[in-house]
Amino acid sequence: MSAQTKKKIQKKLKIRGYGLKIDALEEIVSFVNRFPDAEDEAIDLLLDQLEHESSLKSSIIDKDSVHRVITLLLEAEAAAEEDSSSVSSHSAIRVIDSFLVPKFRYDPIKKHFYQHKGSLPIYGEASAKAALYRDRFLLLFQRVSRDQHFSKPSFDVETSEFGSCEISTIQSLVGQAGRRWVMGVISQLEDGHFYLEDLTASVEINLSKAKITTGFFTENTIVVAEGEMLIDGIFQVITCGFPPLEDRDQALKLLAGHDFFGGGTLTKEDTLRLVDLEKRAANDMFVILSDIWLDNEEAMGKLEIVLNGFESVEVVPSLFVFMGNFCSRPCNLSFHSFSSLRLQFGKLGQMIAAHSRLKEHSRFLFIPGPDDAGPSTVLPRCALPKYLTEELQKYIPNAIFSSNPCRIKFYTQEIVFFRQDLLYRMRRACLIPPSTEETDDPFEHLVATIIHQSHLCPLPLMVQPIIWNYDHSLHLYPTPHTIVLGDKSEQKAFKYTGITCFNPGSFSSDSTFVAYRPCTQEVEFSAL
């Protein structure tokens, strides 16, 4: 490993026009070995500091110069640690509301992302609806265009018997014989007739003989399909799958300087410090409960047992995430008990405040459910109305009320919370029975779908309305470390391509919840 590290250091120095004495190289290697998870950042930080070192007399760097810079960096780190030891994990947790997530658009001509400037009205113009589909398509298209299987070869090379896997536009299929690969959105432009659309045209498709990959193929999902045009103008699909994934680290390198998640961009020094602090926060735990019915005495009794249990543990959880629904009945137009619900929130505040250690050392995050009070059922949903939560805030002043979905940055970890009965709705909207070749677990199909689609809710807008201008807040690109899918279905966890996804279960229905350790991505199923 150190030989590889030495080569890396020498290469980076050579690019900057410097050489190294052997003893100086050993000194740098010992410094870099302190940060096994962030080698590149450590090297770059050290080299940046060396360049700023005014006493460098030649382009050959000696041990003294290196030692001086390393001492300065370690002193700075020690000072930062002293500061951080006096700060609790409260400052490590950053909650990002959906309505504050930055919006980026892809320019297919310049081949780069640019940030949307200016305001985003809730009620978008008609063009915003078209832009929603275009942005989703381009986000996945730029990912696919970099995939080695689908990228255009630089030179004319002999292709396989099936031809090149290069993606063709749908417009170019007219008059073409033989197999072609296309990418598009599945849509139903006429009843019972399904089409594949891209930015150039649409074509009717026949999926009856298609071999499909894992996942739920619904209207609105973007697929990569291989097939051929029939004489009647229908595209006969032979194989059909979701766009291939891109490694998170690779995506982050390409998007350097862009903050897609909303947690702010970090300098190399900050990243190194956070990596180090995260290692020491291995005991930090999040307790996640979904469906806390405040109007149900049995559910509130069970919640008290959970709080009592965590009050007595040695290290109390750093965060409790309470996801809706907060009422056993939907808070729709026929619901007339808002004043009693307000009082029930107050009682919950009293219950939490009675646990002094939790009140002092833990934070409490509230995320609304699909049937909770709010302006509408459209996504993303804004935080719970202030009228309902005022009583609770009297007891727990630092309680956080956020949107659904909601994002959390914990040191370097990116976590997305989404409370929606998504599994049932995706299964209902499915056009083809899911493939059982790799798995027959519906939750695994759901996870594969949302990760490949880079979207939390790829359902048709008629099934699940989305605020057109805020569709980007449901994007999962670059992929986060963890996705929490609060659902009324049974408790499940699935690690897919290194991404941890789990459903904490319905607390009021079956007394299940999850204790999650973000640093190790360890999911602990719990039940009363």
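The values are calculated or read from the model by the stated rules, or taken from the named source; none is laboratory data. Everything numeric in this text was worked out from a predicted model, so none of it was measured. Here Cβ is always computed from backbone atoms with ideal geometry, including for glycine, and neighbour counts include all displayed protein chains. Heads up: the accessible areas ignore ligands, DNA and RNA and are worked out on the full protein's heavy atoms, side chains in. Shrake-Rupley method; radii C 1.70, N 1.55, O 1.52, S 1.80 Å.
Residues Ser89, Ser85, Ser54, Ser65: which one is hydroxyl-bearing (Ser, Thr, Tyr), modelled with pLDDT under 80 and under 30 Å from Ile22 (Cα atoms)?
Of Ser89, Ser85, Ser54, Ser65, the one residue that is hydroxyl-bearing (Ser, Thr, Tyr), modelled with pLDDT under 80 and under 30 Å from Ile22 (Cα atoms) is Ser54.
How many residues does region 176-189 hold that are assigned to a strand (DSSP E or B) and open to solvent by 50 Å² or more (accessible area, probe 1.4 Å)? Outline the logic, then answer.
Restricting attention to region 176-189, the residues satisfying the condition of being assigned to a strand (DSSP E or B) are 180-189.
If we keep only those that are open to solvent by 50 Å² or more (accessible area, probe 1.4 Å) too, we end up with 180, 188-189.
Summing the residues that are assigned to a strand (DSSP E or B) and open to solvent by 50 Å² or more (accessible area, probe 1.4 Å) in region 176-189 gives 3.
Which numbered condition trips up Cys165, out of (1) of a type in the set (A, V, I, L, M, F, W, C); (2) touching a helix residue (DSSP H, G or I) at 6+ places or on another chain (Cβ under 6 Å); (3) assigned to a loop (DSSP other than H, G, I, E, B); (4) more than 24 Å from Val447 (Cα to Cα)?
So the condition that Cys165 fails would be (2).
Tell me, which residue of region 190-223 that is among the charged types (D, E, K, R) and in a strand (DSSP E or B) is surrounded by the fewest Cβ atoms within 10 Å (Cβ to Cβ)?
So the residue we want is Glu190.
Of a type outside the set (A, V, I, L, M, F, W, C) and under 24 Å from Met426 (Cβ atoms): is that true of Gly178 in this structure?
Considered against the rule, which asks whether it is of a type outside the set (A, V, I, L, M, F, W, C) and under 24 Å from Met426 (Cβ atoms), Gly178 comes out as no.
Select from region 482-525 the residues that are among the polar types (S, T, N, Q) and assigned to a strand (DSSP E or B) and list them in ascending order.
Residues satisfying the conditions are Thr482, Thr500, Asn503, Ser506, Thr512.
Which pairs do you get when a residue that is within 24 Å of Thr412 (Cα to Cα), found in region 25-54, comes within reach of a residue that is of a type in the set (Gly, Ala, Ser) and open to solvent by less than 30 Å² (accessible area, probe 1.4 Å), reach meaning Cβ atoms under 6 angstrom, with the pair 6+ apart or on two chains?
Sorted first by the residue in region 25-54, then by its partner, the pairs are Val32/Ala42; Phe35/Ala42.
In region 305-339, what count of residues is obtained for those that are surrounded by 15 or more Cβ atoms within 10 Å (Cβ to Cβ) and not in a strand (DSSP E or B)? It would help to see each step written out before you state the result.
The initial filter retains those residues of region 305-339 that are surrounded by 15 or more Cβ atoms within 10 Å (Cβ to Cβ), namely 306-307, 310-311, 316-327, 330-331.
After this cut, where a residue has to be not in a strand (DSSP E or B) as well, the list is 306-307, 310-311, 316-318, 324-327, 330-331.
Of the residues in region 305-339, 13 are surrounded by 15 or more Cβ atoms within 10 Å (Cβ to Cβ) and not in a strand (DSSP E or B).
Here's the yes/no breakdown for (1) open to solvent by less than 20 Å² (accessible area, probe 1.4 Å); (2) under 24 Å from Gln250 (Cβ atoms); (3) at pLDDT below 90; (4) in a loop (DSSP other than H, G, I, E, B):
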residue	(1), (2), (3), (4)
Arg146	no, yes, yes, yes
Ser154	no, yes, yes, yes
Glu161	no, no, yes, yes
Ala225	yes, no, no, no
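In region 269-290, which residues are more than 30 Å from Asp510 (Cβ to Cβ), open to solvent by less than 80 Å² (accessible area, probe 1.4 Å) and touching a residue at least 24 places away in the same chain (Cβ under 8 Å)?
Matches in region 269-290: Thr271, Leu272, Leu274, Val275, Asp276, Leu277, Glu278, Ala281.
So Asp440 clears everything in (1) in a strand (DSSP E or B); (2) open to solvent by 10 Å² or more (accessible area, probe 1.4 Å) except one condition, right? Which one?
(1)
Here's a check for you: in region 498-528, which residue that is more than 25 Å from Ala299 (Cβ to Cβ) and either aromatic (Phe, Trp, Tyr) or in contact with a helix residue (DSSP H, G or I) (Cβ under 7 Å, 6 or more places away or on another chain) (or both) is modelled with the lowest pLDDT?
Cys519
Cβ-Cβ under 9 Å, sequence separation 6+ or interchain: first residue in region 345-366 and at negative phi and without any contact (Cβ under 8 Å) to a residue 12 or more places away in the chain, partner of a type in the set (A, V, I, L, M, F, W, C) and assigned to a loop (DSSP other than H, G, I, E, B). Which pairs?
Between residues of region 345-366 that are at negative phi and without any contact (Cβ under 8 Å) to a residue 12 or more places away in the chain and residues that are of a type in the set (A, V, I, L, M, F, W, C) and assigned to a loop (DSSP other than H, G, I, E, B), the close pairs are Glu360/Val316.
Yes/no matrix, rows are residues, columns are (1) open to solvent by 10 Å² or more (accessible area, probe 1.4 Å); (2) within 20 Å of the chain's Cα centre (by Cα); (3) basic (Lys, Arg):
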position: Ala353; (1), (2), (3): yes, no, no
position: Leu365; (1), (2), (3): no, yes, no
position: Cys382; (1), (2), (3): yes, yes, no
position: Pro385; (1), (2), (3): yes, no, no
position: Thr389; (1), (2), (3): no, no, no
position: Thr412; (1), (2), (3): yes, yes, no
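Condition check ((1) out of contact with any Lys or Arg (no Cβ under 7 Å at 6 or more places or on another chain); (2) hydrophobic (A, V, I, L, M, F, W, C); (3) open to solvent by 80 Å² or more (accessible area, probe 1.4 Å); (4) assigned to a helix (DSSP H, G or I)) across all residues:
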| residue | (1), (2), (3), (4) |
| --- | --- |
| Thr5 | yes, no, no, yes |
| Ile9 | yes, yes, no, yes |
| Glu26 | yes, no, yes, yes |
| Leu45 | no, yes, no, yes |
| Leu50 | yes, yes, no, yes |
